[in-house]
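Engineer: Just passing along the structure, written as structure tokens.
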Amino acid sequence: MTPQMHLCAFIMATGHHVASWRSADVPLENGTNFKYWANLAQIAEAGKLDAVFLYDGAAISNLPIEPMSRGDRATFFDPMTLLSALAVVTDKIGLVATSSTTYDQPYYVARRYLSLDHLSGGRAAWNMVTGVNVREALIFDPSKVQALGHKGDHFTCAGPMCVPRSPQGQPVMVQAGGSEPGLELAAETADMVYTVQSDFESGRAFYADLKGRMAKFGREPDELKIMPGVYTVIGESEQQAEDLYGELRELVDDPTAMAMLAQCLGGADLSALPPDGPVPTGLTTNAGTTHLKTMLKIAQDRNLSLGALARDVAAGGYGHWAVRGTPVQIADQLEERFFGKAADGFNLMPATLPGGLQAFINLVLPELQRRGLFRSEYTGSTLREHLGLRRPERRVAHPPRAVA
């Protein structure tokens, strides 16, 4: 049997192109129209995709106020609330939400995901993050935060979980990050990894590195699905795809492009640097390590100036692998990376929504199905079943530890 790739739809605002909201084919939305999100989830489920994927943050974007005012991402639902509603209007598709543990209590994070897992019949997944937006920290007053009863090396909480065990054994655990601690966490605990890999060779290297770390944790390589983001622009002809890409590129202004690049470079201050000058080297960050490394590699490999890199980033998926072309051309590239051990599947990042997602479902997916690379029908009901992951064994309960 031909190996099957996995596909998730990363749904964000009006699309992954920063100026997608300006496209004539995109409905103008403010992020709080439930019918819009329901339609996206139902499009993805009609294509039998593994899951829909939502990002989150506890604050508005890191972008400066002036360029941020030109975008469509200042308002958005809490993803757990939204996915709970989407669970009611879908039947099979997985529901992945990002939640940060930096400003939330572990008990309540676990409770929400277990609740979503029961509401959806075993379709929930947690994208584990600590947060990358410095503005999130400014929302909270540490002097007014009161901890729960807590005792342990990392966290101990009095009392059992008030939600029954997950219908799929445990919600699917997703990790997104390429730092050394992040890779170790993924190798030990993750079921899926969402990553930024802009070229084939870096994708192969990341894949081999991460899979190679799993044995020391007693895990087999197939227990983890590596699914890099892929930014898509699809046309029925090659020229149509190029024309669409060109139209989208023209919608981005220079201040917004430079602000997006600064965010991808870990919040670097680029205001005093000339656009036609080189990209600064030696940058470091604790937020978005993988993005920073990817940006610097792209600039070096393509010999791009700061301004050229900014325009490429804004028009091409923020450093993610960007593909454009006909359905056959895109299917060829996905297949190459899949069989080339650079990915177990992909998180789809359409340039525009809902049209870009619908184009993938209508045009690319039939080509993948013709090649035997993707399902035509769901064969299971839980996200673990969609991903081909075993149900975790029940852990033996240990006596509770005393809580001061």
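Engineer: Given the criteria small (Gly, Ala, Ser), out of contact with any Asp or Glu (no Cβ under 6 Å at 6 or more places or on another chain), surrounded by 14 or more Cβ atoms within 10 Å (Cβ to Cβ) and not in a helix (DSSP H, G or I), does GLY282 qualify?
Structural biologist: no
Engineer: Which residue, of ARG249, ARG219, is among the charged types (D, E, K, R), touching a helix residue (DSSP H, G or I) at 6+ places or on another chain (Cβ under 8 Å) and either buried (at least 23 other Cβ atoms within 10 Å of the Cβ) or part of a loop (DSSP other than H, G, I, E, B) (or both)?
Structural biologist: Going through ARG249, ARG219 in turn, the sole match is ARG219.
Engineer: Being of a type outside the set (D, E, K, R) and in contact with a Phe, Trp or Tyr (Cβ under 6 Å, 6 or more places away or on another chain), is that true of even one residue in the range 318-331?
Structural biologist: yes
Engineer: Determine whether the range 335-344 contains at least one residue that is aliphatic (A, V, I, L, M) and either within 28 Å of ASP209 (Cα to Cα) or surrounded by fewer than 19 Cβ atoms within 10 Å (Cβ to Cβ) (or both).
Structural biologist: Checked the range 335-344: at least one residue is aliphatic (A, V, I, L, M) and either within 28 Å of ASP209 (Cα to Cα) or surrounded by fewer than 19 Cβ atoms within 10 Å (Cβ to Cβ) (or both).
Engineer: For ALA272, are the conditions met, namely being modelled with pLDDT of 80 or more, surrounded by fewer than 17 Cβ atoms within 10 Å (Cβ to Cβ), among the aliphatic types (A, V, I, L, M) and farther than 15 Å from VAL196 by Cα?
Structural biologist: Yes, satisfied.
Engineer: Hey, another quick one. Any idea which residue in the range 224-244 is nearest to LEU389 (Cα to Cα), counting only those that are of a type outside the set (Lys, Arg) and in a strand (DSSP E or B)?
Structural biologist: For the range 224-244, the residue satisfying everything is ILE226.
Engineer: Looking at this structure, is SER198 modelled with pLDDT under 90 and either within 17 Å of GLY345 (Cα to Cα) or hydroxyl-bearing (Ser, Thr, Tyr) (or both)?
Structural biologist: For SER198, the condition - modelled with pLDDT under 90 and either within 17 Å of GLY345 (Cα to Cα) or hydroxyl-bearing (Ser, Thr, Tyr) (or both) - is met.
Engineer: Return yes when LEU244 is buried (at least 16 other Cβ atoms within 10 Å of the Cβ), modelled with pLDDT under 95 and closer than 20 Å to HIS320 by Cα and no when it is not.
Structural biologist: Judged against the criteria, LEU244 is a match.
Engineer: Now, a different point. Got at least one residue in the range 67-85 being touching a Pro at 6+ places or on another chain (Cβ under 7 Å), in a helix (DSSP H, G or I) and at pLDDT below 80?
Structural biologist: yes
Engineer: Now, a different point. Scan (1) closer than 26 Å to GLY316 by Cα; (2) in contact with a Ser or Thr (Cβ under 9 Å, 6 or more places away or on another chain); (3) loosely packed, with under 15 Cβ neighbours inside 10 Å for the single condition ALA205 breaks and write down its number.
Structural biologist: Looking at each condition in turn, ALA205 falls short on (2).
Engineer: Which one of these does TYR318 not meet: (1) at pLDDT 85 or above; (2) of a type outside the set (Lys, Arg); (3) assigned to a loop (DSSP other than H, G, I, E, B)?
Structural biologist: (1)
Engineer: Restricting the search to the range 204-232, which residues are within 16 Å of the chain's Cα centre (by Cα) and small (Gly, Ala, Ser)?
Structural biologist: Of everything in the range 204-232, just one residue is within 16 Å of the chain's Cα centre (by Cα) and small (Gly, Ala, Ser), namely GLY229.
Engineer: Looking only at residues that are within 22 Å of the chain's Cα centre (by Cα) and over 29 Å from GLY267 (Cα atoms) in the range 304-334, which one is surrounded by the most Cβ atoms within 10 Å (Cβ to Cβ)?
Structural biologist: So, considering only residues that are within 22 Å of the chain's Cα centre (by Cα) and over 29 Å from GLY267 (Cα atoms), the one surrounded by the most Cβ atoms within 10 Å (Cβ to Cβ) is LEU334.
Engineer: I need a count of the residues in the range 16-53 that are under 20 Å from VAL233 (Cα atoms), assigned to a loop (DSSP other than H, G, I, E, B) and touching a strand residue (DSSP E or B) at 6+ places or on another chain (Cβ under 6 Å).
Structural biologist: Residues meeting the conditions: 2.
Engineer: Within the bounds of the range 204-216, is there any residue that is closer than 27 Å to GLU385 by Cβ, in a loop (DSSP other than H, G, I, E, B) and out of contact with any strand residue (DSSP E or B) (no Cβ under 9 Å at 6 or more places or on another chain)?
Structural biologist: Yes, the conditions are met somewhere in the range 204-216.
Engineer: Follow-up. How many of the residues in the range 293-303 are over 16 Å from GLY267 (Cβ atoms), out of contact with any helix residue (DSSP H, G or I) (no Cβ under 7 Å at 6 or more places or on another chain) and free of Cβ contacts under 8 Å to residues at least 40 places away in the same chain?
Structural biologist: Residues flagged as over 16 Å from GLY267 (Cβ atoms), out of contact with any helix residue (DSSP H, G or I) (no Cβ under 7 Å at 6 or more places or on another chain) and free of Cβ contacts under 8 Å to residues at least 40 places away in the same chain within the range 293-303 amount to 3.
Engineer: Of everything in the range 263-285, what is in contact (Cβ under 8 Å) with a residue 24 or more places away in the chain and either in contact with a Lys or Arg (Cβ under 8 Å, 6 or more places away or on another chain) or within 14 Å of VAL313 (Cβ to Cβ) (or both)? Give them in sequence order.
Structural biologist: Within the range 263-285, GLN263, CYS264, LEU265, GLY266, LEU270, PRO275, VAL279 meet the criteria.
Engineer: Hey, among ALA359, ALA310, ALA343, ALA314, which residue is out of contact with any His (no Cβ under 7 Å at 6 or more places or on another chain) and free of Cβ contacts under 8 Å to residues at least 60 places away in the same chain?
Structural biologist: Being out of contact with any His (no Cβ under 7 Å at 6 or more places or on another chain) and free of Cβ contacts under 8 Å to residues at least 60 places away in the same chain holds for just one of ALA359, ALA310, ALA343, ALA314, which is ALA310.
The values are calculated or read from the model by the stated rules, or taken from the named source; none is laboratory data. This structure is a prediction, so every number in the text was calculated from the model and none was measured. Counting neighbours? That spans all protein chains shown, and the Cβs are built from the backbone with ideal geometry, glycine included.
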